[in-house]
Structures are given as C-alpha cells and as structure tokens.
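The values are calculated or read from the model by the stated rules, or taken from the named source; none is laboratory data. No experiment lies behind these values; they were computed from the predicted model shown. Neighbour counts are summed over all protein chains in view; Cβ atoms, including those assigned to glycine, are modelled from backbone coordinates with ideal geometry. Just the protein is used for accessible areas: all its heavy atoms, side chains included, with ligands, DNA and RNA removed. Shrake-Rupley method; radii C 1.70, N 1.55, O 1.52, S 1.80 Å.
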Amino acid sequence: MGAQKKGATARVSEDSEVVAHHPLQAILLADSFTTKFRPITLERPRVLLPLVNIPMIDYTLAWLESAGVEEVFVFCCAHSKQVIGYLGSSEWSSKPDFSVTTIEANDSISAGDALRLIYERQVIDGDFVLISGDTVSNMSLTQALEEHKERRKRDANAIMTMVVQQSKPSPITQQSRLGTDELFMAINPDTKQLLYYEDKAEYSKGFISLDKTLIADNPSIILHNDKQDCYIDICSEEVLSLFTDNFDYQHLRRHFVKGLLVDDIMGYKIFTHEIHSSYAARIDNFRSYDTISKDIIQRWTYPFVPDILCGSSAIKLERQGIYRASDVTLSRSAQVGSFTVIGQGTTIGNNTKISHSVIGEGCSIGSNVTIEGSYIWNDVTIEDGCKLSHAIVCDGVTMKLGAVLEPGVVLSFKVVVGEQFVVPAYSMVSLIQQPTQQDSDEELEYADNSSGIVEVPSDKLNGEISSDLSNTQYGPTPELGTGGVGYIWSIFEGGHDEEWRHSVAPIPTDKLAKIMLDKDEDEELLTQGGNALVEELKSDSEDDDNEGSRDDYASFEKEVEATFLRAVHENVKVDHAVLEMNGLRLSYNIAAVDCAAAIFYSMMKLAVESSHSSASELHRNAVEVITTWQKLLKSFLHDIDEEIEVILKFEEICLESAKEFSPLFPQILHLLYDKEILQEDAILRWADEKEGADESDKVFLKRSEKFIQWLREAEEEEED
Amino acid sequence: MDFQVVVLAGGISKNLSPLVSKELPKPLLPVANRPVLSYVLQQLEQSNLKDLIVVVEGEDAALVVGAWISGTFIDRLHVEIAAVPEDIGTAGAIRAISHHLTAKDILVVSGDLVSDVPPGAVAATHRRHDAAVTAMLCSIPVSGSLDSGSSGGKDKAKKLGRYNIIGLDPGKQFLLHIATGAEIEKDARLPKRILRAVGQMEIRSDLMDAHMYAFKRSALQEVLDLKDTFQSLKEDVLPYLVRSQLKSEALSNRTPQGEENGNEKVTSQNNQVFVSRILANASTPSFHDRSSENPDGSAPTRKTHKCCAYIASSSSYCVCLNSIQAFMDINRDVTGEADHLLSGTSSDPNNNIGPSPKLGTKTTVGPHCMLGEGSEIGDKCQVKRSVIGRHCRIGSHVKVVNSIVMNHVTIGDGCIIQGSVVCSNVQLQERVVLKDCQVGAGFVVTAGSEYKAESLARKEK
C-alpha cells in the first residue's frame, strides 16, 4: 500500500514536471536559398551533399540531438522530395526522444518566407534554435540557452542570441578561412549586446559608420573584425512574428538582424554568445566545404567524425589520419597519404597516389592516378593516368584515360570527361546547361530551380542528352574532349577574377601577391594626405545637405505647379497668385531665384500641355501663357542674377522635360525680352557665361546667336 | 633621460577674457593662488624632467611668464622661454621652435593642464613601446557637469558636443583611432583598415585627450615638415599619425641612423623589435610587426609606426584650464577634493588660510576655502568654497560663495558675490551683488549695482 502511494505521488510530481518542461525546439532550414553550390545543387539539395561521405544534414541533426533538442522542424523547399525521402528512410524518423518533422513549401524564396510559413503553422511555442541544415558543430547549447533565458527574464526585448566564434579573416584576401566575407560587428563588452553588424562589402568604403547615439549610450564598444558568425541562433518566438510583421524581411542577417539593429522603436535587442573551445561552422561555399571537411578529418568536430557517425564497424581510423572502410580493395603499390578517407567498396589500382582527399563509396580508381586535395563522391570511375588536384567530383562521374582536373574544378553528377582532356582551373561542369537567365539575386535559387529541369530524374536526362548529342553538332561533346559529356559553365556572379575566392583549391600565391599590391595602392590613396580624407568627409556631408535641399526644391516645384494651374483654371487674379506664390515660397524657405524658375517651369509646362500640333502652335501657346502671366513672373525677378537663373532653367526645360521647346528657344527668349521679363544685360551675361562652357552646353547659345548679336549691336548703337 | 619637454603655455587666450590681460596671461592665472603653469612645472620636476622649453604666445606675455619662472624655479629647472606669434596653433608653435629640439623624444605638455598624472609615466610608456607618439588619455571628469546648476538637457548637449571617440587595441596599449567632437557631427566613421590589422578595437567615448603627448622627434618633425597646413597637434598631427600608423610616411622606427651595411641593419632591427617586445611584455609580435611583414615572412617592406596611449587611472585628476567654467571648477577642486595637488604649501587640510589673515568678529570661513596672505575680512562675513587672493580688503557683511577673488581686490560692505571671478585690483563698492559674473582687472563696480551672468571689463584704451 505504502509503496503504491509512493509511486502515485512520484507520478504526480513527474506529471507536473512534464507540464513545466518545455521541449527544446529547433528549426532547421534545409534550403540555403543561395546558388553558391551550383551546378551541383541543381540536382541535389545542399543539405544532402556528402561531407566526408555523410550527408551534411546528418551532422546537423546529430548535433541537435546531442545538444538536447527534442523537436526539429525541417523546412524543405528546393528538392523537398529528396530531403523528405532521405529523412524518411534514415534513422532520424525513428528516434524515441528526438522527433524530426518536415515542413514542405514550394514557393518560398528566402529564409524570411520559410519563417513566415512556420509561424502560420504555429508549431513553435517557446525558445527555439534556428540553424540551417549545413551546419557542423559540437558546441553545447546549455550555457547559451541559460544566458538567453536569463536575459529574457530581465528584458523581454532580448529576443535573440547569436553564436559567434573567434576567427580572424586574412588581412590580405579579407575573407575567413571558411571563405566567407569579412564581418564587422560592434558588441558591448559588458552586456554582449550586438550593436552593429556588417557582412558583405556592401559599403566598399574604408569606414564603418557607427551611429552617434550608439556611442553616446555605450561608453565602451568593441568593434570586431575577428569574429565569425556561426549562423546558430537561439531565438524567442517573437522572432517568427517579427518576420510576419515585416513581410519584406528575406535574409536572416541582411534584413532581420540589421532591421532590428536599426529599428529603435521596438527596442528589440540581439545578444551574442561566444564559443571558445567547441566547433561551429557552416558550409556556405566550396571553400568552407574544403575547410570543414579537413576539420572533420582532423577530428576538431569530435564526436561528429566519420568513424563514430557511421557506426564502429564500417570505417576505421588508421594512423596519420587515414580513414578506411572495411572492404576497400587497395593495390599493393598504391600510396594512400595522410588525412584521407576511403569509402566502402572502392577499388584503387597500381601506383596510384592519394593524399588529403575524400573518396566515396563504390568508386573505381585505375592505375597511376594522382589525387590530391580532392573530394570524390560515390560511384565515380577514374581511369588510368588521371590527375586530380583540389577538385570536387560528384556521383557517377567518369574520367577517361589520362584526363586532368586542374585546381578548383567541380564536376557535377554523371559528367564524363574525355580522354586526355584537361579541364581548366575553376571550371564548373554539369550535364545541365547553364541557365541562361542569370539572376544575380542569390536569394532566388528555388525560383530558378522550379523551372522544371530539376525534377527530371538525372538518368533520363543523361540519356536524353546523349541522344541529343548524336543528332546535334554543337553540344557538350567538344567541351569535354572526345567522349566527354557535359557543359562547362561560364563563370558569372562576381566576375572572372573572383572564382578563386570560394573554390576548393587553395589560393595561389601569385594571386595573394597581386592582391597585396592592389591593396597597397588603395591604401596609398587613402593615406595620401589626411587632408584628402577630411575633404572627402566634408564633401560627403555637403552632398548630404544638398540632397536634402534638392528634395525640398522638388516638392516646392510641384506645389508651385499645382498652385499655378489652379490660378489658370480658376481665373485667379494675378495679384492673388503672386501672394499665394510668395506664401508658398516662404513656407518652403526657398530663395526668390528658385521661385521664379519654378514659376517659369510651370508656365512652360502649361504651354506644352495645352493642345498643339506644330511648333508654331506651341509658340503661340507659350506667347499666350507668358503674356497672361508675365506679371506673376516679373514679381519674383528682382535682379539680373534671377533672370539668368530663369534662362538656365529654360535651357534645362528644353533639354529634359519638354524637348519640344528646344527649336523655339531663340523665339521665346526674344519674347521674354520683348515683354521686359528679361533684361538685355541678363541675356548678354548669360551668353558670356556660356561662352566658356563645354560644346554640348552651348547648343542653345548657338541657336540664339543671331538674337544675341542683335542685342549687342543695339547696345553699341545706343552707346554711340 | 633623453627627453626634452615642450610646455605650450599659451598666451592671452580669448576665451578666457576678461580674466586674462597683458599683465596676467593665461599661464599665470591663479589656481588656488598659484599660477596654473606651476602645476605642470611641479609635476615635471617631480618626474625628473628638467630640460624644458616653455612656449608662450606673444612677446609681452613671454616676458611676464619668463620673469615669473626665473623667479620661482631658478635653481630647480633648466627652462628656456620661447615666444611665438599668436594664433599659430599648437603645431605651428612646435614648428616655430623646431630648431631647438635635439633630444630623441619630445614630451609636449599643455601649460594649462592641472593634473596629478606623472608625466614620467607617459614618457616611460612611450619609450617602452618605441612609439612614434604616445598620448595621455584620462577619463572625462564628471565633476564639471555636476554643479553649476545647468539644466539636464543642456548638459546632454554639452556632453555630446565634447566627447571624443577613441579606439584602443584589446590590450589598451595602442591608439588605433581618434576623433574629436568637431569631426563627428553625424556618425562616427572608423577605418576598416586598421581594424582588419588588429582584429578588434575598443571604442571608448568616456576618455579625453589630455594634451600631453610624447613624440619621437624624428616623426614629429617629419610630419610638421611634410604637412605645412597642420595647425593643431590634437586635431591634425595626432589623428594623422594614428591614421597612417600602418603605412608610415614618417618612417620613424625604420630609418637607418647612418651608413650601415645591410646585414647589421637587419639584425639591429630585429633586436630592436625583440627588445621592444620584451619590454612590452608581449609574447607575440604586435599587429604593427605582423602587418608590416610580407605573407611569405620575408623582411618587412612596409613601414609602420606605433601610436600608444597612456590611460590615466580613473581616480587621477586631470583637467585643462581652457574655459572660464574650467577655471572655476579647477579652483574649487584644487582647494577641495584634489587638494593633494597643493602638497607642501599648506598645513591645514581643510582651510588653506594664509599665514596672517585678519578676520573680523563673527566672520566664518567655510571648509575648502583659501585665503591669501595679507588679506583682511571685516565683521560678520561668510566665505564658502571660495579662493581669496593676497592683500584683499573685504568689508563687513560680505558673502562670498563659490567664487574666486584675485589679489588686491577691495570689496565694500554688504556685497554678495556668488559664482563669480573677480580679478586683481578690482574695486567693488558697497552693496554690489554679483552672480555668475566675471570682473576684469582694475574694474570698478559702483555701489549698489547688481549684475547677473555678465562679463565686466574696462574698455580697451
């Protein structure tokens, strides 16, 4: 009896614990919404690409499980069927304390869309971890979560904690070892609040602009150039609703983080958590693929390393960092160097040398092959005498006798490289033709993908292309040598010079030297005289001021036009119109000069807009308008400078807004003179000023040459 | 110590009128009844920096200042007085006396600095890093904005207008960025180039430049020669040196001293780098060394120089006498909380009353007051938080609060003086009421007049 009772109470307390216990949730974005892994990602989503022979998403899920996450929502978009299919067949669908739910969407084009969709589904009910499916990490979330919760208790606006890590970008290439662009952050050293975030060289200026109030509010701010964003965020539920409120947020960092930092109305705050001894990195481009693969092989990501993730029997770690599957057929004379992984069922021929590379399952590699720093996926056939250095070779590729891959080459699925063919450095080769419509906006991978090519099973595609080949002369064949199949993509995005940045190949030293030189020159410009710098600052601020007044002027001009039209249509007396204009002028704080110009502009516009079919009719219109409203115009013309301004404005009108007037320029000038709106002096001075101008500026001066000549002569006569 | 000290004493500075005059240039303005210049000179003497050039603006002022120095510091310091034209700026002043500079390093101190930070420490920091320039930074004093009854909003505006943006490396040794209030009307712009080299930079807005710099002479002279438009050390020279530290045109530490053959030069350079590293207690090369190296580790091709910072501890006192408000604040602080600056001049810590004061009956002199030699105060007077100079005559029923009264001032019966400065030889007749006023030397305030927040001075002849 007593025992029973005890059990009962125990159960009750357990239940209450369950109520209080909140399962830790995570959103895993299985779509990068970028095109950095093209052409491979046209056929397979990034998260399923093998990283040291294991799909990337497995690393992410394994880490989430170990970090205590209980529910994961996998958001799939591009190639969603493949992701769902893979997860369904994998062990992840049957874990007891770890549920993986997929959310499928086909019309999301950005992380923002994904989060909005998840918000609609209402599956998240508390703090959650937001990551993408290409993250490799072994950090413990406990401390970061605690910090996050603690801050939340004190300040409900602390809605996000970003994980950052020490990583100083190379001062030469200005990118980190993961190939990501340098990142500038400002963090308050005491509270760890993030105050400023600048990724991408969106401002290629040599300056970071910190808002004045930031500095006034924080006596000490630390600016970091040596931190790396791990793209692991601990978010509160508000984050999702914020995405819904701000439907224009697309990118997690560029829009969301910056949006929050700039917006001081809501007062939401983002904090950072720095990890020191654990590993966290995201595979964002080919260079990070290379770097992270090496990190995994060298066991920085322990326990997420091949021999543990695959189970103990499948692959074994040998000396010198060589991982070898149990049933590899290795020729006696083959040399396998350090830090190399060889997958199951692979055969390697005589005298073949392999080092620092990853070779997948079921590959057959011939004799006298050299492979260095390359990533060879599954079922690849490499015939005798091939040479590969720093390349990525996807599933089902065939390299015929003696083919060579130069550094940085990517061969997508089922490409065939012809005999003795040398694939030039940094080439991207795919069976799929390069999409012709290039959208530089990298958010739109999915939109491009949905064009239909993607869902075609690649076998069939291969066959189609092969059959096409026999019919057509021009095809992929010539591009890859005799017997080769595939298209070499021309390089786009970032231009021809930049492909080395994100490639798997190490950056060549001559490139480095060149950048150094370029940079030196840049700096020379920068440091040449601090004065130049100061001047630049000054001129900048002046520009800003001008801009403000320009805006003012534009709206003033509109107002004047409206007022003038009303005066015309409602037959307002000229005196009243003058009064009204003057009031307008004062309220906008505009000089009389500009006011006269604006009135003249409205008059000319009226003349143009009144119906006319020929130049002479237009002239008649202009005469009419000017005669009726000359008093209005005159009351704002007090001296010669103002009159010159009107002439200049007239030129501008003829050049830009109403080109119909340009043949009539001398006539109307004359008219203005006759009506005593413009004085002789003003016209002559305008002519003198224009004398020294560019040829293109003198068009109207030449047209009115006769008139000016006449004026000058009249003047001389008077003097005589 | 191979250090030459240049004290920029200033002259008849306009923003201190009507307090200053030909007879009383700014260096001789009394702070607790001692010329302000004496505070700097005393600190230098204590740091054993005895080779000085005192630069005074204007010939007349130079004569007066020179006479005072030779009278006071005759055997204690080796002082040269140099007169420079007015309004040529601090950089201009150094340029003008450039031919006098011979030592390896130059310490430039502003003569209006009232501080207890030892100049020797700044000099030592400079030497330790082999820097091109070392600037002393101190916390922005809070006391300045606490009193004087200015409203909150005004206070904030003042704070925004005055603050400097200073960028330091994580070890707080190097000065990476400096911008003064005038430059940063909108947003702060920070150069990415230096940040890239260092990795992280701490931005401080609670520090200010205290007008005490140690320069490497070669670097200073090179900059002054190169940039003949530079006017101010603080606003031109220092920011320039900081900005160009990774790409030095003033090739301070790499210039070979004489005709050395290549081998020796390299080793001596390496030694120098090594020694400076040991002295700086750093196990890794500083970012200056790294950024000057080529990627392949060959001999450095780019020249760098170091800009260091000496950050005074937050408890130290450091204010520049550059406004009337500062003058009042300093006087109050020196007689009050910062009275250690007066070491050795008085025996009573609370009341710095001269040797022979004559106080009338029922007259009270509160704490933190100072009363000069030979001054007399009548009956039933109150003196609170004020400094009264020598040989003043103060009548009866006089109230002096939060004020400074210089020498030979006559104050009639029933005067009330609050928050004001009364210069020498002023005569205040009966029942004068002054609130927040400045009265120039020799002025006579007629009986019964009341002034508030005004500046009274004799008309220029």
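For the range B:201-246 and the range B:402-451, write down the distance between their C-alpha centroids in whole Å.
Taking the Cα centre of the range B:402-451 as reference, the centre of the range B:201-246 is 42 Å away.
Take the Cβ-Cβ distance between A:Gln166 and A:Asp518 as r, set R0 to 41 Å, and report the resulting FRET efficiency rounded to the nearest 0.05.
With a Förster radius of 41 Å, E is 0.90.
In whole angstrom, how far apart do the alpha carbon centroids of the range A:259-338 and the range A:25-72 sit?
The range A:259-338 and the range A:25-72 have Cα centres spaced 13 Å from each other.
Ignoring ligands, DNA and RNA, how do B:His126, A:His670, A:His576 rank by accessible area with a 1.4 Å probe, largest first?
Heavy-atom accessible area, descending, gives A:His576, A:His670, B:His126.
How would the range B:1-43 be classified by its alpha-carbon gyration tensor: rounded, prolate or oblate, with rounded meaning a/c under 1.5 and the a/b versus b/c comparison settling the rest?
Oblate, because a/c is 1.5 or more while a/b does not exceed b/c.
Quick one: check the C-alpha center-to-center distance for the range A:373-416 versus the range A:142-181, whole angstrom.
38 Å
To the nearest 10 Å², what's A:Phe421's accessible area with a 1.4 Å probe?
Looks like 40 Å² after rounding.
Stretched out fully, how many nm does the piece from A:Asp510 to A:Glu691 gain, at 0.36 nm a residue minus the Cα gap?
59.9 nm is the gain from fully extending A:Asp510 to A:Glu691.
Given R₀ = 35 Å, what would the calculated FRET efficiency be for A:Lys698 paired with A:Asp575, taking r from the Cβ atoms and rounding to 0.05?
Result of the calculation: an efficiency of 0.35.
Can you pull the one-decimal nm distance between simple spin-label points at B:Ala457 and B:Lys362, each 7 Å off the Cα toward Cβ?
Taking the two extended label points, one gets 4.0 nm.
Going by the alpha-carbon gyration tensor, a ≥ b ≥ c the square roots of its eigenvalues, is the range A:551-719 rounded (a/c under 1.5) or, if a/c is not under 1.5, prolate (a/b greater than b/c) versus oblate?
prolate
Which entries in the list A:Lys631/A:Lys702; B:Lys26/B:Lys172; B:Lys22/B:Lys216 go over 32 Å, if you measure between the two C-alpha atoms of each?
In this structure, B:Lys26/B:Lys172; B:Lys22/B:Lys216 exceed 32 Å between Cα atoms.
At a probe radius of 1.4 Å, what is the per-residue accessible area of B:Val31, in Å² to the nearest 10?
Per-residue accessible area (B:Val31): approximately 0 Å².
Could you work out the relative contact order of the range B:42-97, using alpha carbon pairs under 8 angstrom and six or more residues apart, expressed as a whole percent?
Relative contact order of the range B:42-97: 43 percent.
Pairs A:Lys316/A:Lys353; A:Lys353/A:Lys511; A:Lys81/A:Lys414; A:Lys269/A:Lys294: which are spaced more than 24 Å apart, C-alpha to C-alpha?
Too far apart for the 24 Å limit: A:Lys353/A:Lys511; A:Lys269/A:Lys294.
To the nearest 10 square angstrom, how much accessible area does A:Ser66 have with a 1.4 angstrom probe?
80 Å²
If I take R0 = 30 Å and measure r between the Cβ atoms of B:Ala67 and B:Asn15 in this structure, what FRET efficiency does the formula 1/(1 + (r/R0)^6) give, to the nearest 0.05?
With R0 = 30 Å, the Cβ-Cβ based efficiency is 0.75.
What distance in nm lies between label points placed 7 Å from Cα along the C-beta direction at B:His99 and A:Val123?
Rounded to a tenth, the inter-label distance reads 8.5 nm.
Rank these residues by their accessible area, most exposed first, probe 1.4 Å: B:Val79, B:Val117.
Descending accessible area places them as B:Val79, B:Val117.
Once both labels are modelled 7 Å past Cα along the beta-carbon direction, what's the A:Ser662-B:His78 spacing in nm?
7.9 nm
For a label point 7 angstrom out from the Cα of B:Ala447 toward its Cβ, which stretches of the range B:408-422 have the backbone nitrogen within less than 17 Å?
B:410-416
With a 1.4 Å probe on protein heavy atoms only, work out how much accessible surface B and A bury together, total over both chains, in Å² to the nearest 100.
3600 Å²
Note down the relative contact order for the range A:112-191 as a percent, whole number, built from C-alpha pairs under 8 angstrom at least six residues apart.
After rounding, I find 11 percent.
What order do A:Arg332, B:Arg204, B:Arg128 take when sorted by accessible area (1.4 Å probe), most exposed first?
A:Arg332, B:Arg128, B:Arg204
Give or take rounding to whole Å, what are the principal axis extents of the alpha carbon atoms in the range A:249-331, in descending order?
Its Cα atoms span 67, 25, 20 Å along the three principal axes.
Please check the range A:167-183 for residues whose accessible area, probe 1.4 Å, is lower by 10 Å² or more when all protein chains are in place than in their chain alone.
Those residues are A:Lys168, A:Pro171, A:Ile172, A:Gln174, A:Glu182.
Checking the a/c ratio against 1.5 first, then a/b against b/c, what shape does the Cα gyration tensor give for the range A:330-372?
oblate
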